[in-house]
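Chemist: The structure is given below, and queries will be raised subsequently.
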Amino acid sequence: MSIDRAVMALAGFMILASLVLSQLHSPYWLLFTAFVGLNMLQSAFTGFCPAAIIFKRLGLRTGCAFS
């Protein structure tokens with residue numbers, strides 16, 4: 001698995017998990033959904049993604065988006 005796919009999988013999981021938690025526990029979990037979305041948006045423009053740095057240190061191979 002490449003870093004690109006791992007980042008997208010992590011973001012998708014976090015969004016779905018926060019949506020479920022917002023329905024089961026508190027609507028404030030939607031703030032976490034907004035945070036993930038904003039982080040994805042800023043990484044699209046800047047190329048900086050903290051999750052990509054972590055996955056790179058874990059040894060995943062680089063893709064074309066995060067090098």
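What follows draws every value from the coordinates through simple rules; no lab data is involved. Quick caveat: nothing in here was measured; it's all calculated off a predicted structure.
Chemist: Run the helix sum for the chain: -39,500 (n - 2.57) per DSSP H stretch of 4+ residues, divided by residue count, reported at 222 nm to the nearest 500 deg cm²/dmol.
Modeler: Taking each H run of at least 4 residues, the total per residue is -23000 deg cm²/dmol.
Chemist: Which whole-number percent gives the relative contact order of the chain, counting Cα pairs below 8 Å spaced six or more residues apart?
Modeler: 49 percent
Chemist: Between L31 and M1, what length in nm is gained on full extension when 0.36 nm per residue of separation is reduced by their alpha carbon distance?
Modeler: 7.9 nm
Chemist: Taking the alpha carbon gyration tensor of the chain, what are the square roots of 5 times its eigenvalues, largest first, to the nearest whole Å?
Modeler: Taking √(5λ) for each Cα gyration eigenvalue gives 25, 13, 8 Å.
Chemist: Compute the length gained on full extension between L58 and Q23: take 0.36 nm times their separation in residues and subtract their Cα-Cα distance, giving the result in nm to one decimal.
Modeler: Stretched fully, the L58-Q23 segment lengthens by 9.3 nm.
Chemist: Same structure, new question: Note the full-extension length gain between L16 and L41 as 0.36 nm times their separation in residues minus their Cα-Cα distance, in nm to one decimal.
Modeler: Stretched fully, the L16-L41 segment lengthens by 7.3 nm.
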